[in-house]
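The values are calculated or read from the model by the stated rules, or taken from the named source; none is laboratory data. In this text, all values refer to a predicted model and were calculated from it rather than measured experimentally. With ideal geometry, Cβ positions are generated from the backbone for all residues, glycine too; neighbour counts draw on all protein chains shown. Side chains are part of the model used for accessible areas, which takes the heavy atoms of the whole protein and leaves out ligands, DNA and RNA. Shrake-Rupley method; radii C 1.70, N 1.55, O 1.52, S 1.80 Å.
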Amino acid sequence: MLNALEVFTVVSVGVMVGVEFSVAFVINRILGALPEDSGQLGRAHGGRMLGAVMPVWYIGSLVLVAVRAVAGWHHHGTGLVVTAGALLILSVIMSIALLVPINDRGKTWTPENRPADWKEQANRWDRYHYVRVAVLVAAFTLLVAGLV
């Protein structure tokens, strides 16, 4: 049963990290290369779509890591799993404090109503997101290291 929990946890966290990595290093680069209105509209749509899914995924992954930490308390690597959980908590705090406010504004923008500084706000979101991705990659690395 513990093995199944570990596999499910690794897959859940790993795919989440992969999505966030691809947003940072693939999707946003594609959107940035599109003509101005298309890129901004794509970011707004992505903000709406991922903004609806990612909170559940982040919290669900964190819960899975916490359950694994408790269930496997006497197994090797639990300290790494707990540290991974702490980094996931940090990523949630970063998301709520730094990224979600920008995303909530950006997902409503159209070429007609976007603010003059929309590019600066999008760049600020990207910078915060790069840091969050680094935290998530570190959390995933520690999680896997704690389970092998």
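Would a scan of the range 72-92 turn up a residue that is touching a Leu at 6+ places or on another chain (Cβ under 8 Å) and farther than 30 Å from ALA4 by Cα? I'd like the intermediate steps shown before the answer.
Just the residues of the range 72-92 that are touching a Leu at 6+ places or on another chain (Cβ under 8 Å), to begin with: 72, 75, 77, 80-81, 83-85, 87-89, 91-92.
Within this subset, residues satisfying the condition of being farther than 30 Å from ALA4 by Cα are none.
So far as the range 72-92 goes, no, none of its residues is touching a Leu at 6+ places or on another chain (Cβ under 8 Å) and farther than 30 Å from ALA4 by Cα.
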Check off (1) surrounded by fewer than 16 Cβ atoms within 10 Å (Cβ to Cβ); (2) touching a residue at least 12 places away in the same chain (Cβ under 8 Å); (3) more than 17 Å from THR141 (Cα to Cα) for GLY79 and give me the number that stays unchecked.
(3)
Could you look through the range 1-30, keep only residues that are of a type in the set (A, V, I, L, M, F, W, C), in contact with a Leu (Cβ under 9 Å, 6 or more places away or on another chain) and open to solvent by less than 30 Å² (accessible area, probe 1.4 Å), and pick out the one that is farthest from TRP118 (Cα to Cα)?
VAL13
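Quick test for you: out of VAL133, VAL81, VAL148, VAL144, pick the one residue that is farther than 20 Å from GLU36 by Cβ and in contact with an Asp or Glu (Cβ under 6 Å, 6 or more places away or on another chain). Before the answer, list the steps.
Details: VAL81 fails: in contact with an Asp or Glu (Cβ under 6 Å, 6 or more places away or on another chain); VAL148 fails: in contact with an Asp or Glu (Cβ under 6 Å, 6 or more places away or on another chain); VAL144 fails: in contact with an Asp or Glu (Cβ under 6 Å, 6 or more places away or on another chain).
VAL133 is the lone residue from the list that is farther than 20 Å from GLU36 by Cβ and in contact with an Asp or Glu (Cβ under 6 Å, 6 or more places away or on another chain).
Taking the range 139-148 only, how many residues are more than 15 Å from VAL19 (Cα to Cα) and either under 10 Å from the mean Cα position of the chain (by Cα) or of a type in the set (A, V, I, L, M, F, W, C) (or both)? Spell out how you get there, then give the answer.
To start, the set of residues in the range 139-148 that are more than 15 Å from VAL19 (Cα to Cα) comprises 141-148.
Now narrow it down to the ones that are either under 10 Å from the mean Cα position of the chain (by Cα) or of a type in the set (A, V, I, L, M, F, W, C) (or both): 142-145, 147-148.
Result for the range 139-148: 6.
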Among residues of the range 103-120 being buried (at least 18 other Cβ atoms within 10 Å of the Cβ) and not small (Gly, Ala, Ser), the residue farthest from VAL65 (Cα to Cα) is ARG114
